[in-house]
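A short worksheet on the structure shown next.
Just so you know, all these numbers are worked out from the coordinates, no wet-lab data involved. All of these numbers come straight from a predicted model, not from anything done at the bench. Positions of Cβ are backbone-derived with ideal geometry, glycine not excepted, and every protein chain shown enters the neighbour counts.
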Ligand code: FES
């Protein structure tokens, strides 16, 4: 059996495009997006504020021992997750990703 990490593709569906990021699941989905240079909206990075919320179209993830306190039940019912505490367990497709605006990213 190989010790090579299993890689998963995180596909972000935006209005104009689809963006793909590869992760081995050791990083959260948000960390993988951030390392790829994507200006994903985030604040607490701990599953509390809900700012990073997005929706899963297909694929698997785990929060491990963490709880998505930043989601309402209606969000969960719509398939929303918090990528700041979620790790991909398979290839996964996400939408409703919110990116920082130019103005937000220029402010300290
Ligand atoms: S950044 Fe706050 S819940 Fe994800």
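Some points to look at:
- When 64, 34 are checked against the criterion of being at negative phi and out of contact with any helix residue (DSSP H, G or I) (no Cβ under 8 Å at 6 or more places or on another chain), 34 stands alone in meeting it.
- Checking each residue in segment 1-39 for being assigned to a loop (DSSP other than H, G, I, E, B) and more than 14 Å from residue 89 (Cα to Cα) picks out 1, 2, 3, 4, 14, 15, 16, 17, 36, 37, 38, 39.
- Just one of the listed residues (94, 71) is within 14 Å of the chain's Cα centre (by Cα) and in contact (Cβ under 8 Å) with a residue 40 or more places away in the chain, and it is 94.
- Test: residue in segment 40-56 that is more than 18 Å from residue 95 (Cα to Cα) and touching a helix residue (DSSP H, G or I) at 6+ places or on another chain (Cβ under 8 Å): yes
- Any hit, segment 46-60, residues being within 14 Å of residue 86 (Cα to Cα), in contact with a strand residue (DSSP E or B) (Cβ under 6 Å, 6 or more places away or on another chain) and within 11 Å of the ligand (Cβ to nearest atom): yes
- Checking residue 75 against (1) away from the ligand (no atom under 16 Å from the Cβ); (2) outside any loop (DSSP other than H, G, I, E, B), the condition it does not meet: (1)
- Index of the failed condition, residue 66 passing every other in (1) without any contact (Cβ under 8 Å) to a residue 40 or more places away in the chain; (2) assigned to a loop (DSSP other than H, G, I, E, B); (3) over 12 Å from the mean Cα position of the chain (by Cα); (4) farther than 13 Å from residue 87 by Cα: (4)
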